[in-house]
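Worksheet: the structure to be examined is printed underneath.
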Amino acid sequence: NIGVVRRERFSGGPARGFLSSLAADERIFAADIAVDRAHVIMLIEQDIIDAATGESILTALDSVETAGHDELPDGEDVHEAIETAVIDRVGPAGGKMHTARSRNDEVATCIRYRLRSDLLQAIDATLELKKILLEAGKVHTETIMPGYTHLQPAQPITVGHWLCSYAAGIERDTARLLDAYDRVNTSPLGAAAFAGTPFEIDRERTATLLGFDDVLENTIDAVAARDSLIETLSALAAHAITLSGMAEDLIIFANKGYVKLADQYASTSSIMPQKVNPDTLELVRAVAGDVTGELTGLLTTLKGLPRAYNRDLQRATPHVWGAIDDTTETTAIIGGAIKTAQWADEALESAAGDGFSTATGIADALAMAGIPFRTAHEVLAVATDRAGNETPTVETLNHAAEDILGESLFTYVDQDTIIDILDPVMNVSTRDSRGGPATAAVTATIEMYEN
Ligand code: ARG
């Protein structure tokens, strides 16, 4: 409520709807009621407004809350509309609600208040996803699969190892969101327009009433700063990118027949009746694009804004709402897809040795026997070429050794060991270094992530 005279003067014209954030502000309707309440309680306690007026305002706020956002009178934004609704109920004394504050500190407080609960939901979703990855990981500590670099078969790993790789990423995503939460959780309220107020307000009190950890000290910073939105949205973008990689892997694995997605997470074609398509995961992959777009929108909106408040900030906020909704939903969706996916153990095992993926294991065995790794690498490279990039026979391996080393392969590693290492299952079991793919290493990783 900007007062009758001013309101009339600035009430009309084609820019009215453009100026208004009332519709988008539905997101912070409940937050604004909470902020109003805290502010009014503080004003009463500080004897800035009398208790009777304060109580009638609080009663009016209850009724505005019950009526809901849709019943608000017109206004430039939710703050103005709620104030008008309070004045409609209380009379002119309702206008005392806006003593010692501005919409600038008010909106900044509302954003942080609402974002806290959205962040908690996003964080919860990441914790749940990590749990799902680790549960699946436990089931698949022994399930062999091909591991890739450059999308080429590289070395056999286990499905549990692959799942843990994403549990690790998700754990860091959670940590980044928690960091963002800490900095979001501070109160700008009481900064007024940007320059403080002559009233004897108690900023700590409103911060406490609203559950904030602390007060944003400098009043210009309090209304102008949106870096915690950047931080939040960056954390969301990083997380969405983790999810998109996971989705892409699963799309590829589904394509190769390594994993079967549950029908609930797949889709079919309107014309080709035989099709089972990983549409859900493709959408998960796409969300990272949306979130990156929201981050870019936020950054470019904020870039170069002068102190203190500028209306550009009104268009900065929705980027965060869009991004956090999309990301939280996506986190749950991919969790469901992983929980219900069936890993095709046999197909995975038979593909695990493709493209002579056990080569590094043989080179490692030669190196363990004292041959410089670079020389061992050369032996295997020659054998690979001669076998047409598939797994060479022991004989071919031996010939390559003789040509490069001038000695039999078996001088260094006995034939049984070679045969073992050429088996993808045995090959994986030797790679039990910390964080590695061997069953014991994966089990240890899962235990670590669970504690
Ligand atoms: N609705 C605005 C926002 O979201 C707050 C209004 C402050 N308006 C102003 N002219 N200072 O940022």
Q | Sole residue being outside any loop (DSSP other than H, G, I, E, B) and either touching a residue at least 60 places away in the same chain (Cβ under 8 Å) or of a type in the set (Phe, Trp, Tyr) (or both), chosen from Thr375, Thr360, Thr384, Thr417 | A | Thr360
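Look through Thr384, Thr340, Thr375, Thr417 and report the one residue that is at pLDDT 95 or above, within 40 Å of the chain's Cα centre (by Cα) and hydroxyl-bearing (Ser, Thr, Tyr).
Unique residue meeting the criteria: Thr340.
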Q. Within the set of pairs 6+ apart or on separate chains, which have a first residue in region 308-326 that is farther than 18 Å from Glu231 by Cβ and within 12 Å of the ligand (Cβ to nearest atom), a second that is modelled with pLDDT of 95 or more and of a type in the set (Phe, Trp, Tyr), and C-beta atoms under 6 Å apart?
A. Ala308/Phe194; Tyr309/Phe194
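Just one of Ser63, Ser11, Ser21 is under 30 Å from Asp118 (Cα atoms), in a loop (DSSP other than H, G, I, E, B) and either at pLDDT 95 or above or among the polar types (S, T, N, Q) (or both); which is it? First the steps, then the outcome.
Values: Ser63 fails: in a loop (DSSP other than H, G, I, E, B); Ser11 fails: under 30 Å from Asp118 (Cα atoms).
Answer to the check: Ser21.
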(Q) If the requirement is being assigned by TED's automatic domain parsing to the domain that holds Val184 and either surrounded by fewer than 24 Cβ atoms within 10 Å (Cβ to Cβ) or of a type in the set (Ser, Thr, Tyr) (or both), which of these qualifies: Gly160, Gly169, Gly75? (A) Gly169
Q: Go through the residues of region 49-71 one by one and say whether even a single one is under 26 Å from the mean Cα position of the chain (by Cα) and either within 16 Å of the ligand (Cβ to nearest atom) or over 30 Å from Gly353 (Cα atoms) (or both).
A: no
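Does at least one position in region 273-281 carry a residue that is closer than 29 Å to Leu189 by Cβ and exposed (fewer than 15 other Cβ atoms within 10 Å of the Cβ)?
To start, the set of residues in region 273-281 that are closer than 29 Å to Leu189 by Cβ comprises none.
No: zero hits.
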Q. Can you spot a residue in region 59-68 that is within 18 Å of Ala192 (Cα to Cα), of a type outside the set (Phe, Trp, Tyr) and surrounded by 17 or more Cβ atoms within 10 Å (Cβ to Cβ)?
A. no
Q.
Residue under question is Ile87, and the condition is that it be part of a helix (DSSP H, G or I), modelled with pLDDT of 95 or more, away from the ligand (no atom under 16 Å from the Cβ) and not hydroxyl-bearing (Ser, Thr, Tyr); does it hold?
A. yes
**Q.** Tabulated pairs, region 45-66, first assigned by TED's automatic domain parsing to the domain that holds Val86 and without any contact (Cβ under 8 Å) to a residue 12 or more places away in the chain, second of a type in the set (S, T, N, Q) and surrounded by fewer than 18 Cβ atoms within 10 Å (Cβ to Cβ), C-beta under 6 angstrom, 6+ apart or interchain
**A.** none
Q) Taking region 421-434, which residues are free of Cβ contacts under 8 Å to residues at least 60 places away in the same chain and surrounded by fewer than 18 Cβ atoms within 10 Å (Cβ to Cβ)? A) Met426, Asp432, Ser433, Arg434
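The values are calculated or read from the model by the stated rules, or taken from the named source; none is laboratory data. Predicted model, so just to flag it, every value in this text is computed and none were measured. Cβ: placed from backbone, ideal geometry, glycine included. Neighbour counts: every protein chain shown.
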